1. Please work out if N99 is part of a loop (DSSP other than H, G, I, E, B), surrounded by 12 or more Cβ atoms within 10 Å (Cβ to Cβ) and among the polar types (S, T, N, Q).
2. For P221, all conditions in the list (1) at pLDDT 95 or above; (2) out of contact with any strand residue (DSSP E or B) (no Cβ under 9 Å at 6 or more places or on another chain) hold save one; what is the number of the exception?
3. Looking only at segment 126-152, count every residue that is open to solvent by less than 60 Å² (accessible area, probe 1.4 Å) and not in a loop (DSSP other than H, G, I, E, B) and tell me the total.
4. Which pairs do you get when a residue that is more than 9 Å from G109 (Cα to Cα) and touching a residue at least 40 places away in the same chain (Cβ under 8 Å), found in segment 193-204, comes within reach of a residue that is of a type in the set (V, I, T) and part of a strand (DSSP E or B), reach meaning Cβ atoms under 6 angstrom, with the pair 6+ apart or on two chains?
5. Go over the candidates G109, G140, G91 one by one and state the one that is out of contact with any Pro (no Cβ under 8 Å at 6 or more places or on another chain) and modelled with pLDDT of 95 or more.
6. Based on what the data block shows, is M69 part of a helix (DSSP H, G or I), surrounded by 10 or more Cβ atoms within 10 Å (Cβ to Cβ), at pLDDT 60 or above and within 14 Å of the chain's Cα centre (by Cα)?
7. Please work out if G185 is at positive phi and open to solvent by less than 40 Å² (accessible area, probe 1.4 Å).
8. Among T155, T164, which is the only one that is closer than 27 Å to T89 by Cα, assigned to a strand (DSSP E or B) and of a type in the set (S, T, Y)?
Amino acid sequence: MKIKTPLTKQRLRTHFTYHLWKYLLAAALTVFCVNLLYTTTAYRSPENLRVDIYMQSTTATQEKVDAFMKDVWQRSVPDMETVSTILLTAGSTDDYYSNMQLSVYLMAGEGDLYALSTEDFKRFAAQGVFIDLTPYVESGALNVEGIDLSSGYVTLLDDDGNPTETKSLFGIPLYTLYGYMDGMGLDNRDLVIAVTTFSQNEENVIAFLNELIQSGRGDMPERLKQ
């Protein structure tokens, strides 16, 4: 004898009450698998043909940043296949999420350029995350005329966390590059930009950085003079 169980609203409600998590889990796994497949199969430009910038900001918009960086890209390193900017959450050292986000990217060896708050920059520069920019400034590859570089100098720490005798220019302060404020909507008054030691495209990254610096030069906005 065949028993028929009619499908009713009540039965559906009861079914989803006890089994909804299975559908949600299946949906999440599907999305994860699709993203994983895309990540592993999508074309990614080789390291020597890309420049990746990580920038802390609470004011800049991705659209304006991308447009600004595209102009810098075309003027400085047009042969690069990809120039991308990732906006990071800006927070204090007590902000667990922003610190975790930044640490994960750096520990994974991601990115060529980092524009960070002075506090974060000095913390990671002291640990040897960024390269010494002195040779590029001395050679003229980086034109920093008129920029106060004092905040870009950091003393390295040894493996035990003690200061060494090595103090070098590991970053370029962006405080006075007012062109970023209107160009990207970026409040850069407490930002320092640096090149990572794990960048595999240093020559092009330096060329890009130099053009980025020059593109930021401009007069102080009237609103900051008040």
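1. On the way: part of a loop (DSSP other than H, G, I, E, B): no; surrounded by 12 or more Cβ atoms within 10 Å (Cβ to Cβ): yes; among the polar types (S, T, N, Q): yes.
No: the conditions fail for N99.
2. Every condition holds for P221 apart from (1).
3. Our first condition is that a residue be open to solvent by less than 60 Å² (accessible area, probe 1.4 Å); within segment 126-152, this holds for 126, 128-134, 136-137, 140-142, 144, 147, 149, 151-152.
If we keep only those that are not in a loop (DSSP other than H, G, I, E, B) too, we end up with 130, 134, 136-137, 151-152.
Looking only at that region, the number is 6.
4. Correct list of pairs: I193/I172.
5. Testing whether each residue is out of contact with any Pro (no Cβ under 8 Å at 6 or more places or on another chain) and modelled with pLDDT of 95 or more leaves just G140.
6. Values: part of a helix (DSSP H, G or I): yes; surrounded by 10 or more Cβ atoms within 10 Å (Cβ to Cβ): yes; at pLDDT 60 or above: yes; within 14 Å of the chain's Cα centre (by Cα): yes.
Judged against the criteria, M69 is a match.
7. Details: at positive phi: yes; open to solvent by less than 40 Å² (accessible area, probe 1.4 Å): yes.
Here the answer is yes, as G185 does meet what is asked.
8. Numbers: T164 fails: closer than 27 Å to T89 by Cα.
Result of the check over T155, T164: T155.
The values are calculated or read from the model by the stated rules, or taken from the named source; none is laboratory data. Small disclaimer: the values here were computed from a predicted structure and weren't measured. Reconstructed Cβ throughout: ideal geometry from the backbone, glycine too, with neighbour counts over all protein chains shown. Protein only, heavy atoms only, side chains kept; ligands, DNA and RNA dropped before computing areas. Shrake-Rupley method; radii C 1.70, N 1.55, O 1.52, S 1.80 Å.
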